[in-house]
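So the structure is just underneath, and the comments pick up after that.
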Amino acid sequence: MSAQTLLYCPPLHRGERPLLSLAGKITLHETALSATQQANAAQLIRLWQQHSVSRYNRYPDASAVAPAFVLLVLQQGQALALRRQMLQFAIELAKQQPQCEVVLCHDQHKKIAPALLAEYSGSGVSIKTADKVHHAALLAQSSAVITADSWLGFEALLWQKKVFTFGSPFYAHLGLTSDQNSKHTAAVTLPQLVHQVLLEQSRAVDIETGKPASIADAITWLGLQRLQRNRYANRLYAIGFNYHWRSSVKAFLQGSEVIFVRQPQQVPAGHYAVVWGRRDISAQLQPNVKLLRLEDGFLRSVGLGAQFVKPLSWVLDDTGLYFDATTTSALEVLLSQHPLDDSLQQRSQLLITQLVQHGISKYNTGQQHWQRPDTDKKIILVPGQVESDASIKFGAPDITTNIALLQAVRAANPNAYIIYKPHPDVQAGARAAGLNEHNASQFCDQLAHNVNIAVLLDNSDEVHVLTSLAGFEALLRGKTVHCYGLPFYAGWGLTLDHCYCPRRQRKLNLTQLVAASLLLYPLYVSSHSGYYTTPEHTLQQLVHWRSLPVSFRQKCKNQIRFLISKMFGAK
């Protein structure tokens, strides 16, 4: 790996990729910074700490670190005499603090031979190694850092740690470190050093486009990768996923080793299992297996999952699932308990504006050329659902069929102009129509078959749903929404509810609802890079994807995959 690269992306199938690199050899000067430059340097230090990044970002955080320890950083090719000198220094430094230990790590994550530790077993100080763990957590928790001239010494300064050097790295001799083998030669502040190294002499790349990016954006992007990759256990067992979906499972769980098994009993006791949807397999699991449930996200794709169109968004819930109102879910916990502060709400408001402006929905299917009926009547949209879906089984306690929903809406609104839109999966032949759904025209004024749901939402006055996501998308457009079931967005004071959930007592505004539902809850994976991404970037990808024609070859592939799924199961 190039010594000029300062930050690497976590590895995917293409391995680690440079994210932040030096433009040339580091040269330092004592030029004072302006107020703006001071602020920019301070922002980078905050971002570095906030996102806990380091040069290599593929490794997990250390699971057990001493309350107090001196961190000794070793490097490739160091002489044994130098390592002994630094270790002896670390031991003496640790003795100055009660119950302080010495922790050894390698700056390139190489394994440290135990022979060196054995030489000092009688030193009176506990000496341990930290192999294959992320350096940022070690630096952040250390009492002091000792190195010859490793890049990690610079990172330690970003964490505002006391740094002792036994060489002549670029950050030494400036009054910022305690240098054992040389004298102070210049006076540079930490903001000056950060500005010169990271802002003046480094270049960042946008992994999605390959174009230059700001250093702040690069660190924030890397922080997102670390956050999502560290959400789950190092090893996950995925139950019952067929061959086609396995690449998607790996992509959405890219921070973990995923092992695919056919039966729940194959998951070892005490491990984590991943299953699709609301399958009840608890009785078949070994003791102490933690269950995680995967399901489609709310900004999924251009095309249907039932036709094997690749997803851009899934959710992974360790509590329940968002459509199951019989119990709580991770989303319900976010909605009822998370602070959902002003910064999140500002971001969600911008996302709402973009979603409505571009007419983005979950599947983004259907024609966009449709006109509102020329009538003075109130126009009500009733979106159909797949009646066998778990969202109806676990979220609609009273009305459970599309035709019954239509009858109830017509009875309550005899003079309205009612539009019924069958579910896209039913239209495509991927799922069966509902009970007596062929009689829908008797209770509505218009059947909207191949019309984009966003166009219908924009031209309706009210939307009446069982548990359909269309109700959520209608809220984004400021529409009145009646819920005859208990979708995740009902019960928070934003909808007219025909059912009641006693767990949902908090009153939310729309930006809070969107912040939890679209910013915090789902996982998003870029179709371009394969890395985790944001809902804002996913929106842009959906807009671009929707503008592309679907080739005949792709249509054939989707049809073949659909036929296979009917034989062997969709997931």
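General remarks:
- In the chain, Cα pairs under 8 Å separated by at least six residues give a relative contact order of 11 percent.
- Amide hydrogen proximity for A238: with H placed 1.01 Å from N in the peptide plane, the residues at 5 or more positions away or on another chain lying under 5 Å are I259, F260, V261, V274.
- Peptide packing for 391-401, 117-127 was compared via the average number of neighbouring C-beta atoms within 10 Å per residue; ordered from the highest value, the list is 391-401, 117-127.
- Length released on extending from N230 to S63, taking residue separation times 0.36 nm less the Cα-Cα span: 58.9 nm
- Projected label distance in nm at Q49 and A35, using a 7 Å step from Cα toward the beta-carbon: 2.3
- Correct option for Rg and Dmax of the Cα atoms in Å [calculated from the coordinates] among [x] 28.3, 91; [y] 33.7, 102; [z] 29.3, 96: [x]
- Every Cα-Cα pair in segment 245-356 was counted, and those over 17 Å apart are 65% of them.
- Residues of segment 250-285 falling in the label zone of T220, defined by backbone nitrogen less than 20 Å from a point 7 Å along Cα to beta-carbon, are absent.
- Portion, in percent, of the accessible area of segment 1-114 that falls on carbon or sulfur, probe 1.4 Å: 50
- Gap separating the Cα centres of segment 37-79 and segment 485-520, nearest whole Å: 40
- Packing-based ranking, highest mean first, of 191-198, 480-487 given that Cβ atoms within 10 Å are counted: 480-487, 191-198
- Computed over the chain, the per-residue total of -39500 (n - 2.57) for DSSP H runs of n ≥ 4 gives a 222 nm mean residue ellipticity of -9000 deg cm²/dmol, rounded to 500.
- Computed lengthening from E200 to A283, 0.36 nm per intervening residue step minus Cα-Cα distance: 23.9 nm
- Relative contact order, percent, segment 259-389 [alpha-carbon distance under 8 Å, six or more residues apart]: 18
- Mean Cβ count within 10 Å, highest first, over the residues of peptides 340-347, 520-527: 520-527, 340-347
- Both radii come from the Cα set of segment 103-170: Rg as radius of gyration, Rh as Kirkwood radius; their ratio Rg/Rh reads 0.96.
- Residue pairs, from the table K250/K393; K128/K162; K128/K290; K25/K161; K95/K162, whose Cα atoms sit over 22 Å apart: K250/K393; K128/K290; K25/K161
- Based on Cα contacts under 8 Å between residues 6+ apart, segment 358-437 shows a relative contact order of 41 percent.
- Protein heavy-atom accessible surface, 1.4 Å probe, per residue over segment 253-360: 41 Å².
- Gain upon complete extension [Y243, S168; 0.36 nm per residue less C-alpha separation]: 21.7 nm
The values are calculated or read from the model by the stated rules, or taken from the named source; none is laboratory data. Every value quoted in this text rests on a predicted model; they were computed, and no experiment measured them. Cβ sites come from the backbone with ideal geometry, for glycine too, and all protein chains shown count toward neighbours. Calculation scope for accessible area: heavy atoms of the full protein, side chains included, ligands and nucleic acids excluded. Shrake-Rupley method; radii C 1.70, N 1.55, O 1.52, S 1.80 Å.
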